[in-house]
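Participant: Have a look at the structure that comes next, please.
Computed from the coordinates by the stated procedures, all read-outs in this text should not be read as laboratory data. Owing to the predicted nature of the structure, the values given are computational and were not obtained by experimental measurement. Cβ: placed from backbone, ideal geometry, glycine included. Neighbour counts: every protein chain shown.
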Amino acid sequence: MALSRRQLREQIVQLLEAGEFPGLEKLAGRDERVAAILMQFFYDPGDLLQWRALEGLGYVAGSQPVQVRKIINRLLYLLNEDSASTGWGAAAALGEIGRGQISLIKEIIPMFIGFLEQDFSREPMLWGVGRLAAVHAELLDEVVPIIVPFLTSPVPQVRALAAWSLGKARYQPAADAIRDLEEDDHPVQLYDRGKLWRTTVGQVAREALAALV
């Protein structure tokens, strides 16, 4: 018997809270609604569940690409709605989908530059680029240099995410600019390695520099 949408959502929440991504993949294999329901969590960057949903979508993309392909146009639509209230995580989701199944977003990577240029999508796109760069940096040659100026942004979160994504891309030309941030003690948050960390711009910069060695 098929689960109701409410029951399916409850199962997804339980799996995300536990960080049980293999279980989420299995659930997506049994129910084609999983990817669409994950999108419901993309609206609150301060919520660990949102970040787990983003990462979970990458896992689903890897095992159920047809299911995820169906929501990509919706993500792009949200990004064309110039409002921070209509899908904050959509840009991040594109990067995460590419990390899980590059064929799904390879043709739209040039659009990432435009998303970086818009205030409301800049932060999630920086994170998405970092996630994608960790496994496919060779496909981001035109995108990564666009990130370097954001290292001097007046917004601490943007500075931190720029440093983090450039470190993931191992972009050596940015080393000196990242080094300038080592003493920046502004507090920021960063989802990485399954956790939502409270850290500083300087700490993120130091970790990025370590990745460039």
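Participant: Where nothing but the Cβ of Lys and Arg (+1) and of Asp and Glu (-1) is charged, how large is the charge dipole of the range 150-213 around its Cα centre, in debye to the nearest 20?
Facilitator: So the dipole magnitude of the range 150-213 works out to roughly 340 debye.
Participant: Put +1 on the Cβ of every Lys and Arg and -1 on every Asp and Glu Cβ in the chain; which of Ser63, Pro156, Phe115 then has its Cα farthest towards the positive end of the dipole?
Facilitator: Ser63
Participant: Using a/c under 1.5 as the rounded threshold, could you call the range 150-213 rounded, prolate or oblate? The axes a ≥ b ≥ c are square roots of the C-alpha gyration tensor eigenvalues, and prolate needs a/b larger than b/c, oblate otherwise.
Facilitator: Oblate shape, in that a/c is at least 1.5 and b/c is the bigger or equal ratio.
Participant: Taking R0 as 22 Å, what FRET efficiency do you get between Leu76 and Ala134 from their Cβ-Cβ distance, rounded to the nearest 0.05?
Facilitator: So the FRET efficiency works out to roughly 0.45.
Participant: Count charges around Ala28 for me, please; just the other residues with Cβ under 15 Å from its Cβ, Lys/Arg as +1, Asp/Glu as -1.
Facilitator: That works out to +2.
Participant: Counting alpha carbon pairs within less than 8 Å and at least 6 residues apart, what relative contact order, in whole percent, applies to the chain?
Facilitator: With pairs under 8 Å counted, the relative contact order is 14 percent.
Participant: Considering only C-alpha atoms, what is the centroid distance from the range 89-123 to the range 144-172, in Å?
Facilitator: Each part reduced to its Cα centre gives a spacing of 15 Å.
Participant: Tell me the label-point distance for the pair Ala211, Thr199, using the 7 Å Cα-to-Cβ offset, in nm and rounded to one decimal.
Facilitator: 0.8
Participant: Taking the Cα-to-Cβ direction at Asp119 and at Gln189 and moving 7 Å from each Cα, how far apart do the two end points lie in nm?
Facilitator: 2.1
Participant: If you compute Rg and Dmax of the Cα atoms in Å for the structure shown, which of [x] 18.7, 67; [y] 19.6, 75; [z] 16.8, 59 do you land on?
Facilitator: [z]
Participant: Separate question: How would you rank 59-66, 163-170, 178-185, highest first, on the average number of other Cβ atoms within 10 Å across their residues?
Facilitator: Put in order of decreasing packing, that is 163-170, 59-66, 178-185.
Participant: For the range 60-143, taking Cα atoms only, what is the radius of gyration to one decimal and the Dmax to the nearest whole Å?
Facilitator: Just the Cα atoms of the range 60-143 yield Rg and Dmax of 11.7, 32 Å.
Participant: OK, next. Within the range 10-47, list the residues whose amide N lies under 17 Å from a label point set 7 Å along Cα→Cβ of Ser4.
Facilitator: 10-13
Participant: So, one more: Report relative contact order for the range 150-213 in percent, whole number only (criteria: Cα-Cα under 8 Å, sequence separation at least 6).
Facilitator: 39
Participant: For the range 1-89, just say rounded, prolate or oblate: build the C-alpha gyration tensor, square-root its eigenvalues into a ≥ b ≥ c, call rounded for a/c under 1.5, and beyond that prolate if a/b exceeds b/c, oblate if not.
Facilitator: Prolate.
Participant: A further question on this structure: How big is the charge dipole of the chain about its Cα centre, in debye rounded to the nearest 20, if each Lys and Arg gets +1 on its Cβ and each Asp and Glu gets -1 on its Cβ?
Facilitator: 820
Participant: Which residue, chosen from Leu78, Pro187, Leu38, occupies the Cα position most advanced towards the positive end of the dipole of the chain, where the dipole is computed from +1 (Lys, Arg) and -1 (Asp, Glu) charges on Cβ about the Cα centre?
Facilitator: Result: Leu38.
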